[in-house]
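The structure under discussion appears below in the form of structure tokens.
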Amino acid sequence: MYNRIKKIREKRGMKQSEVCHGIVSASHYSNIEACRFTPSIDTMKLIAKRLDVPYTYLTNTESYDAKLEDILLKYEKLIELRDVKGIEQLLSQYASNFQYIESIHQEYHYYLLKFLELALSNYVEDAVIHYEENISDVDTTSINYKVFKIYLYSSGLYNYFKRNYKESIKY
């Protein structure tokens with residue numbers, strides 16, 4: 001399963017010991033991060049505060065936001081239309097909605113669309129980095145078919161950009 005705590009810590013450039021200091025032992029924190037142990041609510045609140053993210057971002061991973069889903073569908077449509085100005089407007093208007101997407105599924109959908117947007121805008125190096133940081137290690141077995149199709153297309157593009165031509169045609 002997608003482990004947000006570890007990803008956030010790594011993005012912040014923090015060591016495990018920096019996050020857990022004064023909250024739990026290093027070994028206990030390691031088990032939390034590896035999803036071998038479910039921490040208490042109070043522990044999660046302290047970890048969220050230390051990582052500077054909303055508590056609900058770490059705990060409401062199975063939530064669904066209908067408003068966000070509508071925004072994601074608009075984003076997807078603008079990408080299909082190759083409407084760069086429309087994409088810029090949408091991202092500007094709804095920037096706060098994309099900062100902490102609680103639903104893992106919706107966050108993953110956003111990451112895939114962001115990859116396609118970067119590729120569309122000819123920011124190939126940025127698209128590759130984005131894919132490697134946000135998409136490459138996500139478990140795709142639990143995503144819906146529509147998002148899975150976007151994943152397949154994005155993975156094919158990613159491999160093409162990396163000059164893995166044989167791998168790119170598998171998608």
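Criterion first (among the hydroxyl-bearing types (Ser, Thr, Tyr) and either within 13 Å of the chain's Cα centre (by Cα) or over 26 Å from Met44 (Cβ atoms) (or both)) does Ser168 satisfy it?
Considered against the rule, which asks whether it is among the hydroxyl-bearing types (Ser, Thr, Tyr) and either within 13 Å of the chain's Cα centre (by Cα) or over 26 Å from Met44 (Cβ atoms) (or both), Ser168 comes out as yes.
Take the residues of the range 1-31 that are touching a residue at least 40 places away in the same chain (Cβ under 8 Å) and either touching a Ser or Thr at 6+ places or on another chain (Cβ under 6 Å) or in a loop (DSSP other than H, G, I, E, B) (or both): which is least open to solvent (accessible area, probe 1.4 Å)?
Step by step, filter the range 1-31, then rank; the result is Tyr2.
Please specify each residue of the range 32-46 satisfying the condition of being surrounded by fewer than 13 Cβ atoms within 10 Å (Cβ to Cβ) and of a type outside the set (Gly, Ala, Ser).
Cys35, Arg36, Thr38, Ile41, Asp42
Report whether or not Glu102 is open to solvent by 90 Å² or more (accessible area, probe 1.4 Å) and acidic (Asp, Glu).
Criteria not met by Glu102.
Matching residues to (1) aromatic (Phe, Trp, Tyr); (2) within 30 Å of Thr59 (Cα to Cα); (3) modelled with pLDDT under 95:
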site: Gly86; (1), (2), (3): no, no, no
site: Leu90; (1), (2), (3): no, yes, no
site: Gln99; (1), (2), (3): no, yes, yes
site: His105; (1), (2), (3): no, yes, yes
site: Tyr111; (1), (2), (3): yes, yes, no
site: Phe115; (1), (2), (3): yes, yes, no
site: Glu125; (1), (2), (3): no, no, no
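Being surrounded by fewer than 16 Cβ atoms within 10 Å (Cβ to Cβ) and of a type in the set (Phe, Trp, Tyr) is the filter; apply it to the range 47-87 and report the residue that is farthest from Ser30 (Cα to Cα).
Ranking the candidates gives Tyr64 first.
Consider the range 32-41. How many of its residues are assigned to a loop (DSSP other than H, G, I, E, B) and not small (Gly, Ala, Ser)?
Final tally of qualifying residues: 5.
Take the residues in the range 142-154 that are within 15 Å of the chain's Cα centre (by Cα) and not β-branched (Val, Ile, Thr), then tell me which one is least open to solvent (accessible area, probe 1.4 Å).
Ser154
Take the range 105-155 and flag every residue that is within 12 Å of Ile79 (Cβ to Cβ) and aliphatic (A, V, I, L, M).
If the condition is that a residue be within 12 Å of Ile79 (Cβ to Cβ) and aliphatic (A, V, I, L, M), then Leu112, Leu113, Leu116, Leu118, Ala119, Leu120, Ile150 are the ones that fit.
What is the residue count in the range 109-141 for residues that are more than 11 Å from the chain's Cα centre (by Cα), under 23 Å from Tyr64 (Cα atoms) and exposed (fewer than 13 other Cβ atoms within 10 Å of the Cβ)?
Total satisfying the criteria: 3.
The values are calculated or read from the model by the stated rules, or taken from the named source; none is laboratory data. For clarity, every value in this text was computed on a predicted model and none was experimentally measured. Glycine also receives a Cβ, built like all others from the backbone with ideal geometry; neighbour counts cover every protein chain displayed. To get the accessible areas, we keep the full protein, side chains included, count just its heavy atoms, and leave off ligands, DNA and RNA. Shrake-Rupley method; radii C 1.70, N 1.55, O 1.52, S 1.80 Å.
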